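S.K.: Below are the structure tokens for one structure; questions will follow.
The values are calculated or read from the model by the stated rules, or taken from the named source; none is laboratory data. As the structure is a computational prediction, the values presented were derived from the model and not from experiment. Every residue, glycine among them, receives a Cβ derived from its backbone with ideal geometry; neighbour counts consider all protein chains shown. These area figures cover heavy atoms from the full protein model, side chains too; ligands, DNA and RNA do not enter into them. Shrake-Rupley method; radii C 1.70, N 1.55, O 1.52, S 1.80 Å.
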Amino acid sequence: MSNPAPPPASDTTLPDLNAIPRATPLPPEKAPDIVSWNADTQSKHDNIYLLSGNVEVTYQDHLLRADTISYDEDTHDVTANGHVRLSGGENDEYITASHGTYNLKTGTGRFYDVNGSIGMHGSGATPDANGRTGLVTPNPFLFSGKVVVKTGPRTYDVYEGSVTSCLLPRPDWLLTSSHLSLNQDQVHAGATVFHLLGLPLFFLPYATHPVNSEQRQSGILIPVLGQSSSKGWIIGEQAYITLGRSADLTLGLQYYSLRGWAESSTFRAKFAGEDFLQAHFSALQDRGFTPEGGTYTNQGGEDVTAAFRKQLAPTSRIVGDVEYLSSYVYREAFTENFNQAVSSDITSIGYFTNQNHGFDTDVRADRYQGLKRVPVGDSPGEEVHILHVPSLDFTAIDHPLAGTPLLWSLTGSVAGLKRAQPDFTSSGVVERVDLLPELSLPLHGGGWNLIASIAARETFYSRSRVTPYTPGEPPVESTDPVNRAAFDFNVVVRPPAIERTFHVPERFQNFLGTEIRHTIEPEITYSNVHGINNFLSILRFDDIDLASDTNELEYGATQHLYFRPKPKPVKTKPGCPTPSAASTTSIQFSQAITPPELPDVMNPTPDQSTDANGIPDASAQAPQSPTRTHAKADPCAQTVVPTQQEWFSWRLTQRYFFDPTFGNAVIDGRRNIFDTTLNLSGIAFLTEPRNISPLISRMRFRTSGHTDVEWDFDYDTGAKKFTSDNIFLDARKGQLFGGISYAGLNAPGRFYTENIDTNNNDQATLTGSPVSNFKQMRVLGGFGDPNRPGLAVAANAGIDLNLDQIQYAAIQTSYNWNCCGLTVEYRKYELGAVRNENAYRFNFTLANIGGAGNLRHAERLF
């Protein structure tokens, strides 16, 4: 039974205080096992102490303050009156009340006119200039009530009260009820009213809210709402189901008023170490549509992805990443990610690997599905399928050859292969055995570095291709086996780097630093591969099949500009300790400067937080994390501005081919791709015998963390044109940010142009071109931060410069209050006859609860 209300204060005459020794509480962190207190006056009557005036009672990790307190030393009951404050405990509670009763030993009691919090203030937190301490958890919990009954160390009953995770006294949102029950993980309430910005919005017969940010709970998520010109009104709902401590399942169903029903599900599981399993499914039962003057079109389909990792032993693991897509049109028409909508490749792979002491053994099976022509209207699509079913790969990296300065290495594989494309399918499974042993000799001296290597390669195929090729006809497979043999000689020479350090005049040191170092690092590579006289007889499955004869010289150089920033003294904030002299900003140049690895602009690294279908990684929380949340900040933390040591890097390289036909492998008038050209550039440039490759340039300029400029191009010196041209500029200053990128391609290739009839926006013709020629531009700009209070606006667009047409565009605006926020977006897609859509999306987010709407966090522009 709960304790009764506290009795009125006693008027008993207090004894002489000088006769009573002062009680000094131990520091809270020592957690005393006895009761101690401080008070202006105190007296004892039998087993009851009467304390008055600025009373502080300490027991274990709790601190109780009040104007007057009576304490029964036998029962440990406390009656407190006036400005009651209880803080501490394993729940990090903080309760203020007008009066109340409390048992120090059991941690139970009753308080009146209460405001309280859990995880709000830590006893060890450093107060700011106003005496306030920071939050100790990202998910604080605040409550108030006329009566609060503390039924245990971490459980409460709140009567005629409210709960919220926003700061009082004016929270952005709160739940009110006549009775709320709180435990260490969540709050339960019946007959609840939800208030937003002071307005009661709706009634909930039953509601729960997490108190522990790490606690997951099954339930119905906030509905999804939206509108689109091609989908109609969008209404959806999701259910979140916890499956133990480390797994969960999300099931969703959406209704598109113009198209039909769409289903989705996501399963995630996290195991020990880095092991995980995750899968995602999405589908649409499209009722189809008939454009004005067009034909009936159904764009429904299914998309399934899954990924897993399992560590079997310290040196071995099994990994998989697979996808099944029933229709490219389905993904192009319904995905919200533009890059995914225009992606034409699907890869699936599963492998077992064992790595030990420089030896690597893999067993893998993979599938490649590439779309070469999009099906539009009556025009059929064209796809290429390549399978390894399976492949056994072995690699031994450089090992010393005993008693010599030589190093040996070995790569080999045994694979079953199959290829299917329009007008050609390999019969059965083609067996391939490939073996490549290599000897190398590294030499160093006087700043010169040289490595020479020789290798012999033998490859066996159980089937071959009929030669000579018939122009314009599909490949013809032969049942005759074929052997391919090659001898490879390679020399790489790196002369000493040329470098010079320049002293910067004092007047420019704030911008340029005290010193600038310029380095030039040349590199020369000679390669000779001969013995492959049957390149045209080889069926193509992967890069192993692209080996050809070559006799070539590669030459190039990389330049760097480094700078030493001017040391800046660290300013000490008021009330904070003075940092040591070692805290000043400074860097030192190393004796050997290793050039940074250049980014692969042809194969940019995808966002690692989600896969192609937007599945979060295994460590992400579900449901999706809210936009706004509280955060603990160290008021004495020094602002660290990262120093930028490298301003500028530029690599130029080119190859000269002494054998312009590559062992008679080049076919005039068509695109030729060999492993040596593929390793130089991702852009095909061989349509006839030639002696010199395009000039490859990779340039980056970055003077600070606020700007980044990159220009990468392939320039064909023979044709005097840029076959590839990519420019990227990104800048950020305070709350302003922006970026612009340009991508141009003018190279041999298989390229189809879709011509649209402007009268009905339907496809008119589909024409082919021997040259891939496109120019695209992307722009991004905005102001603000969607994770901070206030207004934020951002917009982006993708423009096809050849067609003078916007392929996609979006504008987002966001406004955040203390712990809730609203984001609204307009998005446009122009993807020919497959998709012409105007979509309106929004997301309303409550801190530590979730969001309502159909705009996902990963799709924000900021």
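S.K.: Check residue 383: other-chain or 5+ apart residues with amide H under 5 Å from its amide H, H built from backbone geometry?
M.R.: The list, which skips near neighbours in sequence, is 372.
S.K.: Follow-up. Using a probe radius of 1.4 Å on heavy atoms only, what accessible surface per residue do you get for the range 346-419? Whole Å² is fine.
M.R.: In whole numbers, the range 346-419 has 51 Å² accessible per residue.
S.K.: In addition: In sequence order, what are the phi-derived ³J(HN,Hα) couplings for the range 359-371 according to the Karplus relation 6.51 cos²θ - 1.76 cosθ + 1.60 with θ = phi - 60°, rounded to whole Hz, with x for glycine and proline?
M.R.: Per residue, the Karplus-derived 3J(HN,Hα) values read 10, 10, 10, 10, 10, 9, 10, 9, 9, 10, 10, x, 8 Hz.
S.K.: Something else now. Would you grab the residues whose amide H sits under 5 Å from the one on residue 276? Only those 5+ places off in sequence or on another chain, please, with H modelled 1.01 Å from N.
M.R.: Counting only residues 5 or more places away or on other chains, the set is 271, 309.
S.K.: Please list 3J(HN,Hα) in residue order for the range 264-279, calculated via the Karplus relation 6.51 cos²θ - 1.76 cosθ + 1.60 where θ = phi - 60°; whole Hz, with x for glycine and proline.
M.R.: Once θ is set to phi - 60°, the couplings for the range 264-279 become 8, 7, 9, 10, 9, 9, 10, 10, 5, x, 9, 6, 7, 8, 8, 8 Hz.
S.K.: Based on the Cβ-Cβ distance from residue 360 to residue 524, what FRET efficiency comes out when R0 is 30 Å, to the nearest 0.05? Mind dumping the intermediate values first?
M.R.: On the way: r = 30 Å, r/R0 = 1.00.
The value I calculate is 0.50.
S.K.: Could you check the spin-label model distance between residue 251 and residue 235? Points 7 Å from the Cα along Cα→Cβ, value in nm.
M.R.: 2.0 nm
S.K.: So between residue 671 and residue 828, what do we pick up on full extension, going 0.36 nm a residue minus the alpha carbon distance?
M.R.: Residue separation times 0.36 nm, minus the Cα-Cα distance, leaves 53.0 nm.
S.K.: Kindly rank 735-745, 411-421 from highest to lowest mean number of other beta carbons found within 10 Å of each residue.
M.R.: Packing proxy ranking, top to bottom: 411-421, 735-745.
S.K.: If packing is taken as the average number of other Cβ atoms within 10 Å across a peptide's residues, how do 721-732, 170-181 rank, most packed first?
M.R.: Descending mean neighbour count gives 170-181, 721-732.
S.K.: May I pose another question? In nm, give the distance between the simple-model label positions of residue 695 and residue 302, each being 7 Å from the Cα along the Cα-to-Cβ direction.
M.R.: Taking the simple label geometry, residue 695 and residue 302 are separated by 5.4 nm.
S.K.: Express in nm, to one decimal, how much length is gained between residue 399 and residue 727 on full extension, taking 0.36 nm for each residue of separation and deducting their alpha carbon distance.
M.R.: Details: separation 328, 0.36 × 328 = 118.08 nm, distance 4.16 nm.
Once the chain is fully extended between residue 399 and residue 727, it gains 113.9 nm.
S.K.: Quick one: if you stick a label point 7 Å off each Cα along the C-beta vector at residue 797 and residue 785, how many nm between them?
M.R.: 2.9 nm
S.K.: To the nearest 0.05, how large is the calculated FRET efficiency for residue 44 and residue 197 if R₀ is 51 Å and r is the Cβ-Cβ distance?
M.R.: Working: r = 52 Å, r/R0 = 1.02.
FRET efficiency, residue 44 to residue 197: 0.45.
S.K.: Can you work out the Karplus-derived ³J(HN,Hα) for every residue in the range 283-292? Use 6.51 cos²θ - 1.76 cosθ + 1.60 with θ = phi - 60°, whole Hz, and x for glycine or proline.
M.R.: For the range 283-292, the Karplus-derived couplings read 7, 9, 8, 7, 7, x, 8, 10, x, 4 Hz, x marking Gly and Pro.
S.K.: Considering only protein heavy atoms and a 1.4 Å probe, what is the carbon-and-sulfur percentage of the accessible area of the range 399-448? Numbers along the way, then the final one.
M.R.: Working: 1920 of 2680 Å².
For the range 399-448, the apolar C and S fraction of the accessible surface comes to 72 percent.
S.K.: Over 22 Å between C-alpha atoms is what I'm after, so list which of 721/775; 44/150; 44/105; 231/372 land there. Walk me through the numbers before you get to the answer.
M.R.: On the way: 721/775 14 Å; 44/150 27 Å; 44/105 20 Å; 231/372 27 Å.
Exceeds cut-off: 44/150; 231/372.
S.K.: In percent, what relative contact order does the range 183-313 have, based on Cα pairs under 8 Å that are 6 or more apart in sequence?
M.R.: The normalised contact order for the range 183-313 reaches 13 percent.
S.K.: Okay, moving on. What FRET efficiency comes out for the pair residue 347/residue 76, r = Cβ-Cβ distance, R0 = 56 Å, nearest 0.05?
M.R.: 0.25
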